[in-house]
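Only one structure is covered here, and it is reproduced in the block below.
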Amino acid sequence: MEHVVIIGNGISGVTAARHIRKLSDKKITIISAETDYFFSRTALMYVYMGHMKFEHTQPYENWFWKKNKIDLKKGFVKAIDTASKTLLFAEGDTLQYDKLIIATGSKPNKFGWPGQDLNGVMGMYHKQDLDTLEKYAPNNKVCKRAVIVGGGLIGIELAEMLKSRNIPVTFLVRESSFWNGVLPDNESEMINRHIKSHHIDLRLNTNLKEIISDENGKVKSVITKETGEEIPCDVVGLTAGVSPNIDFIKDSNIETNRGVKVNRFLETNIPDVYAIGDCAEQNEGIDQRRPIEAVWYTGRMMGETVAQTICGNRIQYKPGQWFNSAKFLDIEYQTYGWVFSKPREHEAHFHWKHEDDTKCITVSYHKDTNQFLGINTFGIRMRHETFDTWLTEKRGVDYVIEHLSEANFDPEFYKTFELEILQAYKNQLQTA
Amino acid sequence: MSHKLNHSMSLAKPDSNGLSVKQKIAVAIGVVGLFILVLALLNTEFSNKSLFLTLALVLISVGTIIFSNDAYLNKSKGIKNDGVWFKSISSRGILGWITGIILTLFYIVLYFYPHLLGLGKNGESNTGLIALFDPLSFLLSGRPASQWFVYGTLYTVAILVFGYKFLLKYRHNRYEQIRTGSVMFFQLAFAFLIPEFMYRLNSNLPYYDLKSIWPLNYYNFERYRINQFIDAGDIGLALLIFGIVSIFIITPILTYKYGKRWYCSWVCGCGALAETAGDSFRQLSDKRQVAWKIERWVIHSVLVFVVLMTTAVIYSYLGKDTSKYWLTRDMFLGLVAGFLTLIFALTMIYKRKELGKDARYGAIGYFVIILALIGLHYFSSDTKLFLFKSETLRTTYGFLIGSIFSGVIGTGFYPIFGSRVWCRFGCPMAAILGFQQRMFSKFRITTNGGQCISCGNCSTYCEMGIDVRAYAQKGENIVRSSCVGCGICSAVCPRGVLKLENDSMKGRINPNEILLGNDVDLMDLVNKK
């Protein structure tokens with residue numbers, strides 16, 4: 001019986017395993033050094049905040065794996081010998097595979113800051129990061145202040161986590177406005193204000209210079225680059241993005257760049273070795289996507305795809321229309337299609353913001369053809385299926401704005417803003 | 001981290017989630033109010049009962065209101081579940097256990113030893129706690145209080161003040177606000193005031209909470225009630241007919257249009273208590289598959305039990321002689337058997353595919369049992385029905401289901417098993433409405449394509465123990481008989497994945513692979529449909 005070994009028990013690896021099981025009776029082994037069972041990484045924050053217990057982040061009960069004949073092995077893969085199809089573990093044992101799927105995900109970026117490996121300095125990605133945070137920031141007596149470095153999605157989640165325990169937070173953001181490499185200015189500025197309204201000390205245009213240690217090798221303070229200010233703190237969160245977690249592969253024959261290089265079939269340069277999820281790097285980005293996409297659902301799609309390929313139906317990875325979502329403290333964000341922070345050539349943005357400063361949308365469209373290109377929504381839920389259809393049908397922006405209510409996904413009885421949006425859109429056309 | 005959470009049994013809280021000064025004052029005010037009730041319970045003679053009753057209820061309410069204001073009003077609108085699993089009361093910690101035990105003891109006394117609360121026996125006047133409530137009872141209906149009046153008053157106060165807390169907690173969510181306003185209204189008006197006023201206007205009428213429908217009020221068709229209805233003339237007859245119409249006509253129509261939520265989370269008093277006072281415990285419901293299996297067997301067994309029991313009760317006071325009254329024992333049994341056969345046949349013909357294999361076997365099993373019991377009667381000359389005396393069946397049901405299950409366990413165990421234990425495992429009304437919802441209803445919870453990140457908030461906060469995430473991550477609409485449509489899964493979702501909707505019957509169960517999966521040749525797939 002063919003033995004499929006999957007390194008990594010995140011969403012990509014587990015999806016691959018589940019689908020291989022659906023399609024075949026191959027022997028399947030999932031390896032992880034992080035946790036015994038699959039859990040939802042995106043939910044770690046809610047464990048710290050006390051919304052859920054860790055067990056609630058596990059989508060499958062513990063008996064699921066045995067029942068579906070998916071072997072789980074706890075271990076850390078140290079090296080891969082592709083010639084003999086053998087994995088070598090840090091613990092000293094080995095494992096033979098017939099097909100290998102690398103799904104090791106990401107690790108937090110560190111940019112060589114002085115003091116970045118001190119006690120009390122952590123990313124927020126692995127289960128172990130959460131354990132560390134619980135140790136160094138259990139409450140606002142032990143942790144009198146936390147500093148977060150890096151203004152992305154994980155950074156703001158970490159800020160929300162710490163605030164839930166009333167720990168003062170200073171948030172150092174390199175950019176001139178929060179996440180404005182991705183969000184258009186209006187939106188980014190609205191989120192700036194929202195962050196500050198939660199009493200988070202947001203410092204824009206601010207870089208970390210170094211992290212200072214106390215006499216026990218634990219963080220004592222950070223120093224900023226621009227002003228040289230020293231900010232005393234007990235915890236430093238490094239959330240300046242993530243990169244593929246592939247250090248153990250670098251010495252093998254498997255070709256890597258920033259991630260493990262794969263073709264559209266998710267195959268590496270070595271036969272019978274595949275890479276999926278955050279750690280996989282496409283030779284070139286698909287559509288307007290980046291070569292590496294550290295997004296939950298692309299990991300899931302790659303898992304499904306590679307399962308097909310391994311079970312004899314070799315198909316390409318085709319991720320369809322771009323979408324994503326996040327939550328900034330109390331404001332939900334969804335995006336469908338492409339809205340770039342600065343409109344590209346031939347692109348124009350229509351922006352609407354509600355007076356309460358917690359809801360807005362930005363619609364991106366083609367200046368000449370009026371084709372609808374994408375939408376960002378804040379504080380209003382939108383229906384994925386509707387936008388997916390409109391994007392695929394290449395609808396015009398007028399059509400989209402006029403039919404916006406069809407795409408509304410807010411709970412019943414919520415106030416709707418489609419008329420106001422339509423009015424603003426018409427006004428903009430008249431003044432333009 | 002996790003080792004810490006397990007310590008919530010200890011009095012020492014893991015983190016600084018203590019009460020603010022204002023909240024401590026609020027707790028003190030509320031406790032003073034409760035203390036007056038305790039004094040009354042210990043037979044303290046109050047010179048002015050009206051004053052002290054008012055004082056007690058006002059202090060309890062004011063304490064809760066101040067506490068809620070401080071908990072929510074100084075935070076921004078949004079989901080505020082911070083620290084739920086660190087708090088002793090809401091994570092099966094020692095406060096949770098103490099609360100559960102006190103509530104359970106209260107229910108045991110209430111149902112089985114009301115004289116301990118001061119209920120006057122054989123026309124004697126009330127003493128103790130119940131006497132404290134006499135002035136209010138005289139005001140409303142002109143008679144002394146009973147233990148049920150005391151309970152009803154406290155129950156209503158709980159729904160109103162915790163309803164207020166709920167309104168604040170979900171003040172960003174209009175669905176939750178309107179729904180909570182609805183349950184508060186129905187409890188205050190329909191369950192509490194109107195029956196008392198009805199008694200005052202026409203004391204011949206049986207005490208009737210109009211929104212309580214058979215089989216939830218399993219006693220509705222007992223001989224003494226039927227007699228009272230008929231004795232009360234046209235009004236009584238109208239109420240009797242309304243009782244029957246609400247089972248066979250009103251309920252199915254509303255459930256078809258809106259799902260069973262129109263009742264379970266908008267109207268029902270049990271649901272009202274669960275949604276308001278029980279909100280702090282909703283995350284404690286068991287989500288394991290084994291709990292789901294137990295749930296299905298227990299709730300449907302209760303339903304079968306109540307059908308048999310009611311049939312037996314009605315049978316017991318019907319005659320054999322057609323000349324006296326058209327509805328005879330044989331005819332009644334024939335009607336019941338015919339009706340059940342019809343429902344069973346329709347389900348099996350049209351909806352067989354929608355039932356799981358075990359559900360199908362279960363339905364067949366129950367159907368055979370009922371028909372066998374009815375058949376047994378025909379072939380035996382015994383005066384007893386179903387091998388038991390109807391009286392035995394009735395008292396057994398009243399004790400096991402009516403008291404122990406719906407009261408003692410259903411509410412007493414809120415802090416241990418979550419807020420909807422009764423609704424989920426025991427309520428025969430929920431079973432009937434759930435069956436209707438599963439088989440024919442425009443209601444479903446839709447999922448938003450591929451946006452689910454499997455975080456598990458929806459499943460954790462589902463008070464009915466549904467693993468919502470299992471559907472959401474598949475992009476599959478949620479059509480479940482147990483869903484009461486409380487809307488919290490949609491509220492707690494950080495990615496806007498869930499929405500409660502009434503839509504056409506077509507395509508209500510649809511795993512949406514277009515948006516979830518790879519190889520999206522969308523137009524091909526869309527055109528194929």
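Going by what's in this entry, would A:T335 be described as of a type in the set (S, T, Y) and either under 30 Å from A:D410 (Cα atoms) or not in a helix (DSSP H, G or I) (or both)? If you could, list the steps in order and put the result at the bottom.
On the way: of a type in the set (S, T, Y): yes; either under 30 Å from A:D410 (Cα atoms) or not in a helix (DSSP H, G or I) (or both): yes.
It is true that A:T335 is of a type in the set (S, T, Y) and either under 30 Å from A:D410 (Cα atoms) or not in a helix (DSSP H, G or I) (or both).
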**Study point:** Number of the condition not met by B:Y170 [criteria: (1) under 25 Å from B:P428 (Cβ atoms); (2) out of contact with any Leu (no Cβ under 9 Å at 6 or more places or on another chain); (3) at pLDDT 95 or above]
**Key:** (1)
Exercise for review: Taking the options B:L73, B:L57, name whichever one is more than 14 Å from chain A (Cβ to nearest Cβ), within 17 Å of B:Y164 (Cα to Cα) and at pLDDT 95 or above.
Suggested key: B:L57
Review point. Out of the residues in the stretch A:351-409 that are in contact with a Ser or Thr (Cβ under 7 Å, 6 or more places away or on another chain) and in a helix (DSSP H, G or I), which is least open to solvent (accessible area, probe 1.4 Å)?
Key: A:A407
Study note, to complete from the structure: A careful count of residues in the stretch A:110-157 that are open to solvent by less than 30 Å² (accessible area, probe 1.4 Å) and either of a type in the set (D, E, K, R) or within 19 Å of the chain's Cα centre (by Cα) (or both) gives 15
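Every residue in the stretch B:65-100 that is polar (S, T, N, Q) and open to solvent by 40 Å² or more (accessible area, probe 1.4 Å), please.
Kept after step one, since they are polar (S, T, N, Q), are these residues of the stretch B:65-100: B:68-69, B:74, B:76, B:81, B:88, B:90-91, B:99.
Within the stretch B:65-100, B:N69, B:N74, B:S76, B:T99 meet the criteria.
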Study note, to complete from the structure: Subset of the stretch A:311-343, residues more than 7 Å from chain B (Cβ to nearest Cβ), open to solvent by 10 Å² or more (accessible area, probe 1.4 Å) and more than 17 Å from A:I361 (Cβ to Cβ), comes to A:C311, A:G312, A:N313, A:R314, A:Q316, A:Q321, A:K342
**Study point:** Residue within the stretch B:135-152 that is in contact (Cβ under 8 Å) with a residue 24 or more places away in the chain, among the basic types (K, R) and either surrounded by 20 or more Cβ atoms within 10 Å (Cβ to Cβ) or in a helix (DSSP H, G or I) (or both) present
**Key:** no
Review point. Here are some conditions: (1) without any contact (Cβ under 8 Å) to a residue 24 or more places away in the chain; (2) more than 26 Å from B:F399 (Cα to Cα); (3) surrounded by fewer than 17 Cβ atoms within 10 Å (Cβ to Cβ). B:K257 meets all but one. Which one does it not meet?
Key: (1)
Check your understanding: Can you name every residue in the stretch A:292-309 that is open to solvent by 10 Å² or more (accessible area, probe 1.4 Å) and more than 9 Å from chain B (Cβ to nearest Cβ)?
Key -> A:I292, A:E293, A:A294, A:V295, A:T309
Check your understanding: Could you say whether any residue in the stretch B:197-205 is more than 14 Å from chain A (Cβ to nearest Cβ), buried (at least 17 other Cβ atoms within 10 Å of the Cβ), more than 15 Å from the chain's Cα centre (by Cα) and closer than 26 Å to B:L400 by Cβ?
Key -> no
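Going by the conditions given, is A:E160 acidic (D, E), under 28 Å from A:S40 (Cα atoms), touching a Lys or Arg at 6+ places or on another chain (Cβ under 9 Å) and open to solvent by 20 Å² or more (accessible area, probe 1.4 Å)? Give the steps one after another, and end with the answer.
Working: acidic (D, E): yes; under 28 Å from A:S40 (Cα atoms): yes; touching a Lys or Arg at 6+ places or on another chain (Cβ under 9 Å): yes; open to solvent by 20 Å² or more (accessible area, probe 1.4 Å): yes.
Answer is yes for this residue.
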Study note, to complete from the structure: Residues in the stretch B:76-113 that are within 11 Å of chain A (Cβ to nearest Cβ), under 22 Å from the mean Cα position of the chain (by Cα) and free of Cβ contacts under 8 Å to residues at least 40 places away in the same chain total 0
Practice item. Considering each of A:E304, A:E255, A:E267, A:E281 in turn, give the residue that is closer than 30 Å to A:S84 by Cβ and in contact (Cβ under 8 Å) with a residue 60 or more places away in the chain. Key: A:E304
Check your understanding: Restricting the first residue to the stretch B:461-490 and requiring it to be over 18 Å from B:M429 (Cα atoms) and without any contact (Cβ under 8 Å) to a residue 60 or more places away in the chain, which pairs with a second residue that is in a loop (DSSP other than H, G, I, E, B) and of a type in the set (F, W, Y) meet a Cβ separation below 7 Å and a spacing of at least six or different chains?
Key -> B:C489/B:Y461
Study note, to complete from the structure: When A:K27 is run through (1) within 14 Å of chain B (Cβ to nearest Cβ); (2) touching a residue at least 12 places away in the same chain (Cβ under 8 Å), the failure sits at (1)
Revision key, fill the gap. Checked pairs for the stretch A:2-15, first open to solvent by 10 Å² or more (accessible area, probe 1.4 Å), second acidic (D, E), C-beta under 7 Å and 6 or more apart or across chains, list as A:E2/A:D98; A:H3/A:D98
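The rows are residues; the columns are (1) closer than 20 Å to B:P428 by Cβ; (2) open to solvent by less than 50 Å² (accessible area, probe 1.4 Å); (3) at pLDDT below 85; (4) of a type outside the set (A, V, I, L, M).
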site	(1), (2), (3), (4)
B:L327	no, yes, yes, no
B:D330	no, no, yes, yes
B:F339	yes, no, no, yes
B:I343	yes, no, no, no
Point to revise | Cross-chain or 6+ apart pairs with Cβ under 7 Å, the stretch B:277-296 first and over 12 Å from B:I488 (Cβ atoms), then among the acidic types (D, E) | key: B:K287/B:D467; B:R288/A:E61; B:Q289/A:E61
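The values are calculated or read from the model by the stated rules, or taken from the named source; none is laboratory data. Quantities reported herein were computed from a predicted structural model and do not represent experimental measurements. Neighbour counts are summed over all protein chains in view; Cβ atoms, including those assigned to glycine, are modelled from backbone coordinates with ideal geometry. Accessible surface areas use protein heavy atoms only, side chains included; no ligands, DNA or RNA. Shrake-Rupley method; radii C 1.70, N 1.55, O 1.52, S 1.80 Å.
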